[in-house]
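Student: There's a structure below that I have some questions on.
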Amino acid sequence: MSANPTLQAPPAGRELTPKPRSSPALTLGAALLGFALITLDASVVNVALPAIGGDLGGGMSGLQWVVDAYTLAFAALMLSTGAFADRVGSAKAYALGTVVFALASAACGLAPSLGVLIGARVVQGVAAAVVLPASLALVRQAYPEPRRRARAVALWAAGGSVAVALGPVAGGALTTVWDWRGIFFINLPLGLAALALTARAPRAERRPAPLDLPGQLAAVVALAALAFAVIEQGAVGMAAGAVAVAAGVAFWLIERRVAHPVVPLGLFRSRAVVVAIGGGAAASVAFYGVVFVFSLYFQRVRGASALTAGLMFLPMTVLIPVTNVLSGKLSNRYGPRVPILAGQLLSLAGLLVLLLTDGHTPALLAAFLLVPLALGCALSIPALTAAMLEALPPERAGLAAGVLNAGRQVAGALSIAVFGSLVAGPAGFVPGLRLSLLLACALFAAAALATLRLPARG
């Protein structure tokens, strides 16, 4: 959808001048490759899900966990990993995260059962949460001059956008030409390349950074239990729901009392922050949930191969990087409200058009019907981030962007849980698909109404 350059941006106090022998270009290459790698892994799995299910079993709930185990771990720990990178140094944190990510990828590729695969996906998500803020910190340290740094950060962000675009295609190609395990084994040479490039990265000094461990633990328990309650059924799901509520209340109480909360509750007094988080959540629900269910639709309903299913997402993803750039230009000229509202209305229209999809819709037509949704999300997300950052002082930029990105990831994970349960329900796949689209429509309509309350800037 968007790889925004402000995500997890460390405060200005973290910037350090690189050592003379360091290579800014190689550092940028390492950061870009690592960021692209963890972004790719969030979307590359979707097209391979039918093959994974056919090999390891587990049903729809198991396939939902293959995606959500990564996304939830990534989202929940992203709130604290910026502070971790400060404590150990960004280069060391990046190297550690990349090594763990590569080893977890190997474990995914070798997984003999669905349970092992899901466990390895959790470890992948933990490592990805470390890599993301550390990769951007490396870029900021390697380019102390603001203009050169702005260009470098733009390239870093473009790497994530390209990875989002290529994810379904790469997943389909690897699954068809190799095997579903290939989507994980390919991470090994890419991870080694990222580590090799990091050898010339600037070494940052360790900095004291407080960690809110009780708050972080409560957040992890609440999010995992909430996803479990949505995916699982019956008494087990109800018990998980109760745990989610209890952990959520505990998180709120902890964040009110600790000196350095992982999520300062005062952030939510700002209307722009609430609108940005709500709009970002709506976009993630629509984008990631739709990609998940249409990956299954193309293969299970329309009978396409994994490669063909991956190619069906190319029309909707190929223009995402260009639309991200357009969003930035519109924000600079008219203020963020214009591209936010335009993107949300375009996405809403795209979702309404997708309601025409049924079991007989030609796959190619369905592929092009996905385009308006993707363009709308790509137009709104960078502007939502800009609106949030404009509403807060500069020293809180990293925290604010981290909270926004974590909220988006959590929303995406929950959409997969909800949409997957609906298409697997007794009504059937197509009715479940349409109900999922209607839920996303309602969220976008509410988000657009909230956006109207943002101040305009000419």
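Student: Order of 161-172, 36-47, 330-341 by packing, highest average Cβ count within 10 Å first?
Tutor: Packing order, densest peptide first, comes out as 36-47, 161-172, 330-341.
Student: Here's another thing I want to ask about it. With a cut-off of 8 Å between alpha carbons and a minimum separation of six or more residues, what is the relative contact order of the chain in percent?
Tutor: Here the relative contact order equals 25 percent.
Student: Would you calculate a helix-derived [θ] at 222 nm for the chain, using -39,500 (n - 2.57) for each DSSP H run of n ≥ 4 and dividing by the full residue count, to the nearest 500?
Tutor: Roughly -25000 deg cm²/dmol at 222 nm, from the helical runs in the chain.
Student: Each residue of the range 408-422 in order: what ³J(HN,Hα) in whole Hz does its phi give by Karplus 6.51 cos²θ - 1.76 cosθ + 1.60, θ = phi - 60°, with x for Gly and Pro?
Tutor: 5, 5, 5, 4, x, 5, 5, 5, 5, 5, 6, 5, x, 5, 5
Student: A follow-up question, please. May I ask you to give the solvent-accessible area per residue for the range 258-300, in square angstrom, as obtained with a 1.4 angstrom probe?
Tutor: 31
Student: Please work out the average accessible area per residue across the range 306-373, using the 1.4 Å probe convention, and give it in Å².
Tutor: I get 44 Å² per residue for this part.
Student: Still on this structure: Any idea of the accessible area per residue across the range 102-164, 1.4 Å probe, to the nearest Å²?
Tutor: Per residue, the range 102-164 has 34 Å² of solvent-accessible surface.
Student: For the chain, give the percent of accessible area contributed by carbon and sulfur heavy atoms, probe 1.4 Å, rounded to a whole number.
Tutor: 71
Student: Where in the range 97-180 are there chymotrypsin sites (Phe, Trp or Tyr not before Pro) that are in a DSSP coil and have at most 15 other Cβ atoms within 10 angstrom of their Cβ?
Tutor: For chymotrypsin sites (Phe, Trp or Tyr not before Pro) across the range 97-180 that sit outside H, G, I, E and B with at most 15 neighbouring Cβ atoms in 10 Å, the list reads TRP178.
Student: What does the charge add up to near LEU188, with Lys and Arg as +1, Asp and Glu as -1, over the other residues with Cβ less than 14 Å from its Cβ?
Tutor: Charge balance near LEU188 sits at 0.
Student: Rounded to the nearest 0.05, what FRET efficiency do ASP55 and MET238 have when you use their Cβ-Cβ distance and R0 = 30 Å?
Tutor: 0.45
The values are calculated or read from the model by the stated rules, or taken from the named source; none is laboratory data. Bear in mind that the values here come from a model prediction, so they are computed numbers and not experimental data. For neighbour counting, all protein chains shown are included, and Cβ atoms are generated from backbone atoms with ideal geometry for every residue, glycine included. To get the accessible areas, we keep the full protein, side chains included, count just its heavy atoms, and leave off ligands, DNA and RNA. Shrake-Rupley method; radii C 1.70, N 1.55, O 1.52, S 1.80 Å.
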